[in-house]
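See structure below.
The values are calculated or read from the model by the stated rules, or taken from the named source; none is laboratory data. A quick note: this is a predicted structure, and the numbers were derived from the prediction, not measured. Ideal geometry is used to build each Cβ from the backbone, glycine not excepted, and the neighbour counts take in all protein chains shown.
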Amino acid sequence: MKRIAIAAALAAAFASAQAQTAAPAAPDSAAARLQANTAATLDKEQLGRRLESVKLLLETSSAARQIEASGDQRALATRDKARGLYRNAADAYAAGDLAKTSRLLAETSVLMFEAVRYAAPDEVVAKKLEADFTARNESVKALLAAYKRVASEKGSAKGVSETVSSIEKSIAEADKLAAAKKYAEGRAELDRAYLVAKAGISSLRSGDTLVRSLNFASKEEEFHYEIDRNETHKMLIKVLVDEKRATNPQLDQQVQNFLNKAGELRAAADAAAARKDFAQAVKLLEESTAELVRAIRNAGVYIPG
């Protein structure tokens, strides 16, 4: 919570500094000139308050204390740079250059963001990685349970056991990595499992015309559902196939052929949707996704589809 509060304070400082603007050009009428002078005074007063606020941020805020307590040389050096910018901002303010003052205050806040990131204790980062891993693990297990439930409702469906086995294997591997404190690597494994489970559920539901007709209020709604399916399979290409392609030129060419076809079909689907022909767009999207499934299977990875 402390880190969140610090980030929020810094964000507010940055946004407020960015919002300041230079005084407008002198208008023609006396009344307009008076109004402009009043606005300029307000701007200068606001910037004066911002100078005080940013000074507190640099010297006495919880962010400043965290930087000092960390002893991290990068954090300390970055704050020193921020102090230099702040001094320049104060000089610009004294010279009446409000635009320059505003810009330098914004840059000062950005540098303080960087300094706080450098000062983040390793244990804080580790705890966040662990929390992210745990949340993703729970999501994957929930999605796996949903996949099993949908498969059971539909009766025997091709590839269910293979998909379940693949997901459970990824979960087991992720748990093993987490036990070794390798939470980032474990999270990557869970991301793969999540995408496979998501693709599996969409495949089961898409195979049933009756279910689809009941689930979608319109072809446009179905189109957006198919867009999500298509994007999911494109992500699967990245996490399941790209590494294999990098070391196998022949496989890379084969996969690229499927991807080219999928891309053409997707573009045609988008064009159909632009014409409001959502029925045709859905059909083309299904064909595009089928090409992506073929690309993945051609790489030796079984997924439902």
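Here are the numbers for the structure shown:
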item	result
Subset of the stretch 42-80 (residues that are touching a helix residue (DSSP H, G or I) at 6+ places or on another chain (Cβ under 6 Å), closer than 28 Å to Asp97 by Cα and hydroxyl-bearing (Ser, Thr, Tyr))	Thr78
Answer residue from the stretch 58-73, given it is more than 28 Å from the chain's Cα centre (by Cα) and among the polar types (S, T, N, Q) and is modelled with the lowest pLDDT among those	Ser70
Per-region count, the stretch 82-108, residues of a type in the set (Lys, Arg) and within 17 Å of Ala63 (Cβ to Cβ)	1
Entirely in the stretch 55-154, the helices (runs of 4 or more DSSP H) that have 2 or more residues that are β-branched (Val, Ile, Thr)	98-119, 122-154
Selected residue (only one of Glu114, Glu123, Glu168 is modelled with pLDDT of 90 or more, under 29 Å from the mean Cα position of the chain (by Cα) and of a type in the set (Asp, Glu))	Glu168
Test: residue in the stretch 102-110 that is of a type in the set (A, V, I, L, M), under 31 Å from the mean Cα position of the chain (by Cα) and over 30 Å from Lys128 (Cβ atoms)	yes
Restricting the stretch 80-100 to residues that are closer than 12 Å to Val54 by Cα and not small (Gly, Ala, Ser), the residue that is surrounded by the fewest Cβ atoms within 10 Å (Cβ to Cβ)	Arg87
Residues of the stretch 40-67 satisfying the condition of being charged (D, E, K, R), farther than 18 Å from Glu107 by Cβ and surrounded by 13 or more Cβ atoms within 10 Å (Cβ to Cβ)	Asp43, Lys44, Arg65
Residue match in the stretch 117-129 (condition: farther than 24 Å from Ala184 by Cβ, exposed (fewer than 15 other Cβ atoms within 10 Å of the Cβ) and either free of Cβ contacts under 8 Å to residues at least 60 places away in the same chain or not β-branched (Val, Ile, Thr) (or both))	no
Criterion: modelled with pLDDT of 90 or more and at positive phi - qualifying residue of Lys261, Lys276, Lys283, Lys219	Lys276
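Residue-by-condition table, conditions (1) of a type in the set (Asp, Glu); (2) in contact (Cβ under 8 Å) with a residue 60 or more places away in the chain; (3) under 12 Å from Lys219 (Cβ atoms):
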| residue | (1), (2), (3) |
| --- | --- |
| Glu243 | yes, no, no |
| Gln250 | no, no, no |
| Gln253 | no, no, no |
| Ala262 | no, no, no |
| Arg275 | no, no, no |
| Leu285 | no, yes, yes |
| Ser288 | no, no, no |
